[in-house]
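Remarks on the structure that follows.
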Amino acid sequence: MKKTSYSLLPLFCAVFFSEARADIFRCTNAEGKLVTSDRPIPECANRTVKVYKNNGYFKKEIAPPMSAEEKKRLEIEAEKRKAQQLADEERKREERYLQAHYESEADIQVARKRATDALLEKKRLANEQLQGLNQIISGLQLELKNTKKPSKEFDSMRQRADDLTSSINKSQNAITFYDQEIARTNQEYDQTLQRYRQVVRKAK
């Protein structure tokens with residue numbers, strides 16, 4: 001029994017190595033000539049090579065290496081696909097957020113009012129402060145205009161007037177800021193309302 005198995009070994013090895021070297025490589029070279037070989041063809045290193053089995057069946061195609069321009073184009077396309085994928089994921093997260101936080105358009109308007117009311121209250125307080133400061137500095141400026149007090153006391157009053165002027169500027173800047181925030185908040189809720197309507201239409 002052992003003798004028979006040893007006698008088959010050379011035949012098995014011959015078949016194995018024959019199959020291992022059975023691939024046929026074919027390509028068209030730069031001169032337009034079809035080149036065939038049982039191993040990779042050096043002159044076709046930059047050309048498309050088709051590989052066949054020894055029985056003539058097509059096995060695979062080896063594409064030529066990409067140029068620098070092609071590689072750059074593929075990188076740009078990959079970046080675009082990645083950016084689009086991230087945008088799609090962000091849109092889905094936004095849709096889930098809207099559906100989880102708002103049951104109707106009325107809920108969005110309630111949230112808008114709550115946010116803008118808080119800003120309007122801060123603006124109201126800033127306006128009250130501004131009015132008070134304007135009254136104080138008006139009286140102080142009148143006093144400075146008519147004062148005949150010693151220079152040291154006059155300088156102290158002048159410094160106080162400068163401090164009041166600085167506070168007035170800060171209050172005015174705060175009022176401008178709150179106006180901008182109110183406009184920005186309304187714009188954000190307008191966009192939220194628009195997106196919510198799109199999500200509702202999509203879900204129907």
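The values are calculated or read from the model by the stated rules, or taken from the named source; none is laboratory data. Please read all numbers here as calculations on a predicted model, not as lab measurements. All Cβ positions, even for glycine, are placed from backbone atoms using ideal geometry, and neighbour counts span all protein chains on display.
Residue by residue, here is whether (1) closer than 30 Å to Asp162 by Cα; (2) in the same structural domain as Ser171 (by TED's automatic domain parsing) holds:
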{"site": "Ile76", "(1), (2)": "no, no"}
{"site": "Asp88", "(1), (2)": "no, no"}
{"site": "Lys92", "(1), (2)": "no, no"}
{"site": "Gln109", "(1), (2)": "no, yes"}
{"site": "Arg114", "(1), (2)": "no, yes"}
{"site": "Lys122", "(1), (2)": "yes, yes"}
{"site": "Leu125", "(1), (2)": "yes, yes"}
{"site": "Asn134", "(1), (2)": "yes, yes"}
{"site": "Leu142", "(1), (2)": "yes, yes"}
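Inside the range 126-160, can you point out the residues that are among the small types (Gly, Ala, Ser) and surrounded by fewer than 16 Cβ atoms within 10 Å (Cβ to Cβ)? Give the steps one after another, and end with the answer.
Applying the first criterion (among the small types (Gly, Ala, Ser)) to the range 126-160 yields 126, 132, 138-139, 151, 156.
Gly132, Ser138, Gly139, Ser151, Ser156, listed by residue number.
Among the residues of the range 81-127, those identified as free of Cβ contacts under 8 Å to residues at least 60 places away in the same chain, within 30 Å of Ile168 (Cα to Cα) and not charged (D, E, K, R) are Ala118, Leu125, Ala126, Asn127.
Looking across the range 30-69 at every residue that is surrounded by 11 or more Cβ atoms within 10 Å (Cβ to Cβ) and part of a helix (DSSP H, G or I), the one that is nearest to the chain's Cα centre (by Cα) is identified as Cys44.
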